[in-house]
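These notes are about the structure you will find just below.
The values are calculated or read from the model by the stated rules, or taken from the named source; none is laboratory data. These numbers come from a predicted model, not from an experiment. Here the Cβ is made from the backbone with ideal geometry for all residues, glycine too, and neighbour counts use every protein chain on show. Note: areas computed on protein heavy atoms with side chains; ligands, DNA, RNA excluded. Shrake-Rupley method; radii C 1.70, N 1.55, O 1.52, S 1.80 Å.
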Amino acid sequence: MGSTPAGKVAFITGGASGIGAAFATALADQGAVVWIADRQIGPAQELAQRINDAGGKAQAVELDVRSYPSFERAVAEALRYSGRIDYLFNNAGIGAGGEVDSYTLDDWNDVIDVNLRGVAYGIQAVYPIMIRQGGGHIVNTASMAGLVASPGIASYTATKHAVVGMSKALRLEAERHGVRVSVLCPGVIRTPILSGGRYGRSNGLTEEQQLKFWEPLRPLAPEVFAERALRAVSRGKAIIVVPAWWKAFWYLERLSPTLFLWASRSSLKRMREMESTAD
Ligand code: NAI
């Protein structure tokens with residue numbers, strides 16, 4: 001497929017908020033038809049309205065990525081109206097903050113259901129359509145936590161590592177069908193997920209402390225993230241790290257996993273210190 005989104009159809013899970021909403025807006029600005037698929041249907045409809053009022057082309061559709069029938073319904077609706085799906089942004093995600101010794105079973109299951117099963121379901125629902133079309137681009141949102149160990153969010157880290165691995169394997173398989181696969185590894189982006197998000201859970205820190213915790217990692221505005229990430233997507237990059245300076249952590253991890261683990265202790269220590277003052 002061509003590299004510019006003009007006239008293409010994009011299906012974005014978790015499109016009502018944060019990174020997904022920024023993708024929807026940017027892609028519509030570039031002339032794509034965008035499907036904003038989200039469990040939060042109200043905000044999805046409001047965003048679609050704003051995009052349409054500004055002269056773009058957007059539709060909202062209710063989707064719970066944890067349910068395959070829900071995925072099938074939403075994708076069928078997009079296909080019925082738009083005739084094809086050129087981009088699948090498997091972007092919906094949640095986090096469960098806190099150390100594993102504080103987890104409930106739900107802290108594992110909810111995160112696995114949304115971040116891993118949800119991505120697999122998206123691929124299962126849309127990849128055959130792209131194969132039939134003879135092209136398309138699947139863009140899975142993982143995280144830097146998919147490339148390096150991130151204490152304090154172990155279930156999230158597990159799912160994001162899985163999404164990176166799955167995306168690399170699928171990229172190689174999909175080449176022969178003309179389907180591209182990219183995986184996004186954002187650093188820290190200023191969105192609601194940083195303090196738990198609508199469906200996730202934060203650790204023991206207050207919302208104010210959460211934001212203070214992330215601040216030294218220079219959170220990027222989602223609009224800036226979307227612009228840079230979409231440029232890399234249009235070039236068909238395999239693993240997309242934005243902001244680029246986060247690649248330093250990834251390189252260090254590959255150079256010396258032991259040294260990286262040692263360095264990561266300081267982040268866990270800081271989190272524990274902040275939690276102890278939150279009580
Ligand atoms: P966000 O909380 O602003 O947006 C997540 C969206 O996913 C929300 O609209 C929410 O309603 C939707 N969602 C959650 N569960 C859903 C479900 N079961 N079915 C359908 N939609 C569902 O968070 P953000 O930051 O925009 O997250 C987008 C993606 O980026 C996630 O996969 C996240 O893990 C990833 N990411 C975010 C980073 C950040 O610093 N903000 C860093 C690295 C990765």
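Out of the residues in segment 197-213 meeting the condition of being open to solvent by 60 Å² or more (accessible area, probe 1.4 Å) and outside any loop (DSSP other than H, G, I, E, B), tell me which one is farthest from the ligand (Cβ to nearest atom).
Of the residues in segment 197-213, the ones open to solvent by 60 Å² or more (accessible area, probe 1.4 Å) are 198-199, 201, 206-208, 211-212.
Pick out the ones that are also outside any loop (DSSP other than H, G, I, E, B) and you get 201, 207-208, 211-212.
Details: Arg201: 12, Glu207: 13, Glu208: 17, Leu211: 11, Lys212: 15 Å.
Per the criteria, the residue is Glu208.
If I go through segment 93-125 residue by residue, how many of them are of a type in the set (A, V, I, L, M, F, W, C), in a helix (DSSP H, G or I) and closer than 23 Å to Met144 by Cβ? If you could, list the steps in order and put the result at the bottom.
Restricting attention to segment 93-125, the residues satisfying the condition of being of a type in the set (A, V, I, L, M, F, W, C) are 94, 96, 100, 105, 108, 111-112, 114, 116, 119-120, 123, 125.
In the following step, the residues that additionally are in a helix (DSSP H, G or I) were identified as 100, 105, 108, 111-112, 114, 116, 119-120, 123, 125.
Keeping just the survivors that are closer than 23 Å to Met144 by Cβ gives 100, 108, 111-112, 114, 116, 119-120, 123.
Here the count works out to 9.
Here is a check on your reading of the model: is Met130 away from the ligand (no atom under 16 Å from the Cβ), open to solvent by less than 40 Å² (accessible area, probe 1.4 Å) and among the hydrophobic types (A, V, I, L, M, F, W, C)?
Spelling it out, Met130 is indeed away from the ligand (no atom under 16 Å from the Cβ), open to solvent by less than 40 Å² (accessible area, probe 1.4 Å) and among the hydrophobic types (A, V, I, L, M, F, W, C).
For the structure I just gave you, tell me whether Arg228 is assigned to a helix (DSSP H, G or I) and either under 27 Å from Arg272 (Cβ atoms) or open to solvent by 20 Å² or more (accessible area, probe 1.4 Å) (or both). Don't jump to the end; show me each part of the working.
Values: assigned to a helix (DSSP H, G or I): yes; either under 27 Å from Arg272 (Cβ atoms) or open to solvent by 20 Å² or more (accessible area, probe 1.4 Å) (or both): yes.
Against the criterion (assigned to a helix (DSSP H, G or I) and either under 27 Å from Arg272 (Cβ atoms) or open to solvent by 20 Å² or more (accessible area, probe 1.4 Å) (or both)), Arg228 qualifies.
Based on what the data block shows, is Gly83 of a type in the set (Gly, Ala, Ser), surrounded by fewer than 18 Cβ atoms within 10 Å (Cβ to Cβ), more than 26 Å from Ser234 (Cα to Cα) and at pLDDT 95 or above?
Here the answer is no, as Gly83 does not meet what is asked.
If we only count strands (runs of 3 or more DSSP E) wholly inside segment 1-81, which ones have 1 or more residues that are among the aromatic types (Phe, Trp, Tyr)?
Strands (runs of 3 or more DSSP E) meeting the threshold: 9-13, 33-38.
Taking the residues in segment 176-227 that are in contact (Cβ under 8 Å) with a residue 24 or more places away in the chain and hydroxyl-bearing (Ser, Thr, Tyr) as candidates, determine which candidate is nearest to Ala96 (Cα to Cα).
Checking each candidate, the answer is Ser202.
Go through segment 43-81 residue by residue and tally those that are among the small types (Gly, Ala, Ser) and near the ligand (Cβ under 10 Å from one of its atoms).
4
Which of the residues spanning segment 4-41 are open to solvent by 30 Å² or more (accessible area, probe 1.4 Å), of a type in the set (Val, Ile, Thr) and within 13 Å of the ligand (Cβ to nearest atom)?
Let us first name the residues in segment 4-41 that are open to solvent by 30 Å² or more (accessible area, probe 1.4 Å), namely 4, 6-8, 17, 25, 29-31, 33, 39-41.
Those still in the list that are of a type in the set (Val, Ile, Thr) too: 4, 25, 33, 41.
Answer for segment 4-41, where residues must be open to solvent by 30 Å² or more (accessible area, probe 1.4 Å), of a type in the set (Val, Ile, Thr) and within 13 Å of the ligand (Cβ to nearest atom): Thr25, Ile41.
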